[in-house]
Each structure stands twice: as structure tokens, then as C-alpha cells.
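The values are calculated or read from the model by the stated rules, or taken from the named source; none is laboratory data. Note that this is a predicted model, so its numbers are computed, not measured. We place every Cβ from the backbone using ideal geometry, glycine too, and count neighbours over all the protein chains shown.
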Amino acid sequence: MKSNWHETIQRYLDGLLSAEEVTELHEALYENAELRALYLDYINLDVALGTAAEAALLGENGIGKTAIFPRPPARLSTPSWRWLGATAACAALVVFAMLSTHRDSSRARPDIDATLSSTQSAIARLSVEPASPLPAWMSPTASLLDQSQTSE
Amino acid sequence: MSDLNHQHQDQFLRLFAENEPVLRTFVRSLVPSLADTSEVMQEVAVVLWQKFAEFDATRDFRKWAFGVARYEVLAYLRDRARDRHVFNDELVGRLADDAAATAPQHEAQRDALETCLQKLTEAQRTLVLSAYARDTRMNELATQRGQTAMSLYKLLHRIRQALLHCVRRQLRLEVLT
């Protein structure tokens with residue numbers, strides 16, 4: 001297996017690959033089971049690090065307790081694309097949890113459509129994603145690459 | 001709302017919450033970005049709930065949810081087929097099969113990650129978690145650190161590679177002990 005697949009996969013996850021490199025990666029992933037395993041391991045790590053960062057911020061694990069993860073000083077008004085997913089999932093769970101919590105105080109039976117409608121509305125309200133979501137291929141890192149290449 | 005419906009909701013909540021991390025990883029492996037993952041996961045959550053009444057509780061919820069998610073991913077990607085970052089159906093099929101098969105292994109890797117994060121230096125740990133923190137933008141983080149964006153990415157790549165080696169090694173050690 002090509003020695004720099006580690007780098008290629010990570011650059012793919014960060015949105016830094018050129019079109020040619022993306023095509024090469026897709027073809028290699030299709031052919032090579034070992035590479036698919038490596039890719040899936042990196043995907044898993046990527047998702048887990050997002051969760052770990054959130055947990056550290058909340059001080060809910062050992063890392064947070066030792067205060068080794070100060071919040072980065074600069075914050076943006078625009079949301080990070082990394083966290084859109086977690087927010088949406090939490091929103092869905094919160095809505096379902098609310099339905100369960102308040103079930104005893106409401107004897108009326110909401111129908112499924114109403115439930116789903118409220119769930120979707122809540123997701124839309126609670127998600128930090130803007131009303132017009134980012135295109136599928138677009139991430140902040142893509143524009144970053146352009147800037148970096150320009151500056152180098 | 002009847003007790004039966006309450007139980008139904010509770011059961012769904014419990015199963016969904018329990019399987020959300022593996023489901024998210026599964027979806028993330030099939031779509032180009034985390035933004036795509038977010039969109040697909042919203043649809044998956046809604047469809048799973050809509051279809052939950054049809055779910056046979058004696059069956060494996062995860063396997064059923066993976067099947068639903070795979071269908072939703074394919075529908076999502078077909079709408080974006082002209083995007084060069086999008087996998088074709090054949091590759092999605094192979095990745096989906098592999099991802100479903102390795103889900104237990106990936107759960108173990110996630111458990112091992114905390115140990116591996118503690119093995120990093122404090123500076124490395126702070127950096128990698130900062131990079132993944134909500135609202136962080138890499139170019140701004142690089143500026144704060146007095147680095148170019150590309151040098152920051154290279155540093156992060158080395159840390160992630162070290163973490164991946166660590167979690168894999170941890171699992172091998174666990175198998176041996």
C-alpha cells in the first residue's frame with residue numbers, strides 16, 4: 001500500500017485534495033480493502049475527536065477535569081461545519097425526550113405527523129446550521145486551501 | 001398519550017441514543033463532509049422514527065438502522081452525483097459493508113482514544129481538541145499560533161496518525177491480555 005495514504009486520507013477529510021487526487025483515492029478505495037479499513041479508521045477517529053473535544057469543553061471527562069483544554073480564545077460568528085451533525089442529532093433527541101418528559105401532563109394524543117413535524121421544526125430551530133446549508137462539497141477548509149496556496 | 005406509545009418512544013430513544021455514534025460514523029464514512037453527515041443524519045433520524053412501528057424488536061436495531069442509513073445516503077448522493085467528491089454507488093456499497101462489519105471494532109477504538117489522548121503531550125492534546133472544538137476555524141487557529149495554515153494541518157495530521165497508531169496498538173494489547 002502507498003506509504004502516504006495516511007496523509008492523503010487526512011487531507012481528504014479536511015477537504016484539501018485536488019480533483020485528481022480525489023479521483024485517485026476513490027479508485028484506490030474501491031480496489032483496496034486494506035485502504036478502506038484505514039479510511040474507516042480515520043473516519044472513526046475524526047468523529048470521536050469531535051465528541052472528545054465537546055466532552056472536554058463540558059468538563060465531563062478526565063481531560064476536562066484536569067483543565068488541559070482551554071477554550072480557544074477566538075470564536076467566530078459563523079458555526080463550524082464540524083458540529084452541525086452533533087447539534088442536529090442532539091436536537092432530535094431533545095425533542096423526543098421532551099415528548100417523553102411531558103407525556104403525563106398532556107393527556108391528548110399527538111398524532112405521528114404532528115410529532116415528526118415538531119421534531120423537524122425543532123431540528124431546524126436548534127441546529128446552528130444556517131437556513132441555507134453549505135453545499136455538500138463545500139467546507140471552510142476548501143477556501144483555506146485556496147488562501148494557503150495563494151500565500152505560498 | 002397511551003402507555004404503549006410512551007414505551008414505544010422510550011424504546012426508540014434508548015436504541016437511537018445507544019447507536020447514534022456508530023450510525024454517525026457509518027454515515028460519515030459514506031459522504032464527503034461533516035456537513036453532509038449532518039444533513040443525512042437528520043433524515044435518518046426522522047425515517048427511523050417513522051418506520052419504527054414496523055421494526056421487529058427481536059431483530060438487531062443497529063443492522064436495521066444501517067440499512068435505513070445506507071438507503072438515505074444513496075438517495076442523498078444521487079442528488080449530488082455531479083460533485084466530484086461524491087462516491088459512486090459501487091464504492092458506497094463496499095464501504096457500507098466494511099463499515100457495518102467493523103462497527104464493533106470502531107466502538108473499541110473510541111473507548112481506547114481517551115487513553116491515547118492522555119499519552120499526547122499537553123500541547124498536542126490542546127491543539128487537536130482545539131481544532132475539533134465547536135466554531136474553530138483552522139485559518140484563525142493557525143494565525144493565533146503564529147503558523148501557516150498548511151503547517152498547522154501537517155502538525156494535526158501527525159498527531160492524528162499517532163492517535164490512530166495508538167488506538168490500534170491499544171486494541172492489540174487488549175487482545176493479548
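Computed quantities for the displayed model
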quantity	calculated
Filtered residues of the stretch B:107-133 (kept if more than 7 Å from chain A (Cβ to nearest Cβ), assigned to a loop (DSSP other than H, G, I, E, B) and surrounded by 16 or more Cβ atoms within 10 Å (Cβ to Cβ))	B:LEU120
Residue count, the stretch B:33-79 (criterion: touching a helix residue (DSSP H, G or I) at 6+ places or on another chain (Cβ under 8 Å) and within 9 Å of another protein chain (Cβ to nearest Cβ))	17
The stretch A:10-55: number of residues that are under 20 Å from B:VAL22 (Cα atoms) and β-branched (Val, Ile, Thr)	3
Scan of the stretch B:1-32 for residues that are more than 7 Å from chain A (Cβ to nearest Cβ) and of a type in the set (Val, Ile, Thr), ordered by number	B:VAL22, B:VAL27, B:VAL31
Checklist (1) outside any helix (DSSP H, G or I); (2) modelled with pLDDT of 95 or more applied to A:LEU16, failing item	(2)
Where B:ASP98 falls short, out of the listed (1) over 30 Å from B:TYR71 (Cα atoms); (2) in a helix (DSSP H, G or I)	(1)
When residues of the stretch B:83-106 are limited to those that are surrounded by fewer than 18 Cβ atoms within 10 Å (Cβ to Cβ) and of a type in the set (S, T, N, Q), the one farthest from A:VAL22 (Cα to Cα)	B:GLN105
Hits in the stretch A:1-30 (condition: among the acidic types (Asp, Glu) and surrounded by 11 or more Cβ atoms within 10 Å (Cβ to Cβ))	A:GLU7, A:ASP14, A:GLU21, A:GLU24, A:GLU27
Scan of the stretch B:58-82 for residues that are surrounded by fewer than 18 Cβ atoms within 10 Å (Cβ to Cβ), farther than 13 Å from B:PHE16 by Cα and acidic (Asp, Glu), ordered by number	B:ASP79
Given (1) touching a Ser or Thr at 6+ places or on another chain (Cβ under 9 Å); (2) in contact (Cβ under 8 Å) with a residue 12 or more places away in the chain; (3) in a helix (DSSP H, G or I), number of the condition B:VAL46 does not satisfy	(2)
Filtered residues of the stretch B:1-42 (kept if at pLDDT 90 or above and surrounded by fewer than 17 Cβ atoms within 10 Å (Cβ to Cβ))	B:ASP10, B:GLN11, B:ARG14, B:ALA17, B:GLU18
